[in-house]
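One structure is given below, represented as structure tokens, and several questions about it will come after.
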Amino acid sequence: MKRALAIAYSLVCYAIGVAALVYLILFVADLLVPVRINTASSLAPKLGAAAAVLWDVALVAIWGFQHTAMASSEFKAWWTRYVPAPIERSTYLVFVAIMTALLAAFWAPLPGVIYDVSGTGLGLALLGVYFFGWVITLISTFLINHFHLFGLQQAVRMTSATESKKATFRTPLFYKVVRHPMMTGILISLWAAPELTVGRLVFNLAMTAYIIIAVRFEERTLVQDLGDEYKTYRRTTPGLIPALPVGRVSAT
């Protein structure tokens, strides 16, 4: 009975998490959804340009803090006193979805245009690269264990995230080129903009900074979880940029 409830709960959380991710992709691309990076919701504050920059950077920082803090070993050790380990990751996805909704709802657009090639051949190519980056990220989740990352495996097997991770550490395809291909895919998407507004630039810069910081914290957790196996991998494989020393991101 507990296992069935855990699976049902994780499936609901999985759907919520995927929906939030799809919305974020469309939000950043300024496509289809009603509230987008250049289109404010009714909840967005009306601010001057300088205040809007600070506000938006703060929103990304809060969004990123939740992602990183709740994924840390220290937080999980405390959190799983109250949330059963097999549904901890699924619950994490719900919080990610909530934070993504808040980010979109309170985002203050900065519509000044830096460049706009949308509707041209170059614009279509950039839009293609944008979605290609997200495809890299999606494929990367399946290369290691998509269902572990999204909490379903833990519920089915009634194990903790750390136990599942230890059992499935592999370095297939993209992971032989960079240690964090999911993040590499996101970075590709961020900077492939057919229309670069001031707001999109602020988002890109803030999110890029978050990714660089988050990778360092993630590496610390991976070393704690995987030990020497991951330390060896870190020494031989760049972090974000293929085959360049500047792509290496070391944990402290």
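The values are calculated or read from the model by the stated rules, or taken from the named source; none is laboratory data. Nothing here was measured: the structure is a model prediction, and the numbers come from that model. Cβ placement follows ideal geometry from the backbone for every residue including glycine, while neighbour counts extend to all protein chains displayed. What goes into the accessible areas is simple: the full protein's heavy atoms, side chains included, and nothing from ligands, DNA or RNA. Shrake-Rupley method; radii C 1.70, N 1.55, O 1.52, S 1.80 Å.
Between Thr91, Thr80, Thr100, which is of a type outside the set (A, V, I, L, M), under 23 Å from the mean Cα position of the chain (by Cα) and over 30 Å from Leu173 (Cα atoms)?
One residue alone meets the criteria, Thr80.
Could you tell me which residue of the range 223-243 is surrounded by the most Cβ atoms within 10 Å (Cβ to Cβ), considering only residues that are more than 17 Å from Lys176 (Cβ to Cβ) and in contact (Cβ under 8 Å) with a residue 40 or more places away in the chain?
Asp225
Please name all residue pairs, on different chains or six or more residues apart, with Cβ atoms under 7 Å, provided the first residue is in the range 147-160 and is more than 21 Å from Ala19 (Cα to Cα) and the second residue is modelled with pLDDT of 90 or more and open to solvent by 30 Å² or more (accessible area, probe 1.4 Å).
Val156/Ile7; Ser160/Ala85
Then there's this: Keeping to the range 1-26, report how many residues are within 14 Å of the chain's Cα centre (by Cα) and of a type in the set (Phe, Trp, Tyr).
1
While we're looking at this one, here's another question. Could you please find all residues in the range 178-218 being among the charged types (D, E, K, R), part of a helix (DSSP H, G or I) and within 17 Å of Phe27 (Cβ to Cβ)?
Arg200
Which residues, taken from the range 38-51, are small (Gly, Ala, Ser) and open to solvent by 30 Å² or more (accessible area, probe 1.4 Å)?
If the condition is that a residue be small (Gly, Ala, Ser) and open to solvent by 30 Å² or more (accessible area, probe 1.4 Å), then Ala40, Ser42, Gly48, Ala49, Ala50, Ala51 are the ones that fit.
Name the one entry in Ser10, Ser42 that is outside any loop (DSSP other than H, G, I, E, B), hydroxyl-bearing (Ser, Thr, Tyr) and either over 13 Å from Gly199 (Cβ atoms) or in contact with a strand residue (DSSP E or B) (Cβ under 7 Å, 6 or more places away or on another chain) (or both).
Ser10
Can you find a residue that is assigned to a helix (DSSP H, G or I), touching a Leu at 6+ places or on another chain (Cβ under 9 Å) and either open to solvent by 50 Å² or more (accessible area, probe 1.4 Å) or not β-branched (Val, Ile, Thr) (or both) anywhere in the range 73-93?
Among the residues of the range 73-93, at least one is assigned to a helix (DSSP H, G or I), touching a Leu at 6+ places or on another chain (Cβ under 9 Å) and either open to solvent by 50 Å² or more (accessible area, probe 1.4 Å) or not β-branched (Val, Ile, Thr) (or both), which makes the answer yes.
Just to be sure I understand, how many residues within the range 94-135 are crowded, with 18+ Cβ neighbours inside 10 Å and more than 18 Å from Asn204 (Cα to Cα)?
2
Which of the following residues is open to solvent by 20 Å² or more (accessible area, probe 1.4 Å) and more than 24 Å from Gly239 (Cα to Cα): Leu201, Leu152, Leu173?
After applying the criteria, what remains is Leu152.
Also, quick follow-up: Among the residues of the range 14-32, which ones are open to solvent by 60 Å² or more (accessible area, probe 1.4 Å) and in a loop (DSSP other than H, G, I, E, B)?
Of everything in the range 14-32, just one residue is open to solvent by 60 Å² or more (accessible area, probe 1.4 Å) and in a loop (DSSP other than H, G, I, E, B), namely Leu32.
Working carefully through the options Ala20, Ala40, Ala61, Ala51, find the one that is modelled with pLDDT of 95 or more and farther than 20 Å from Leu190 by Cα.
On inspection, the qualifying residue turns out to be Ala51.
Any idea which of (1) in contact with a helix residue (DSSP H, G or I) (Cβ under 6 Å, 6 or more places away or on another chain); (2) of a type in the set (A, V, I, L, M, F, W, C); (3) open to solvent by 50 Å² or more (accessible area, probe 1.4 Å) is the one Val35 doesn't satisfy?
Only one criterion is unmet by Val35, namely (3).
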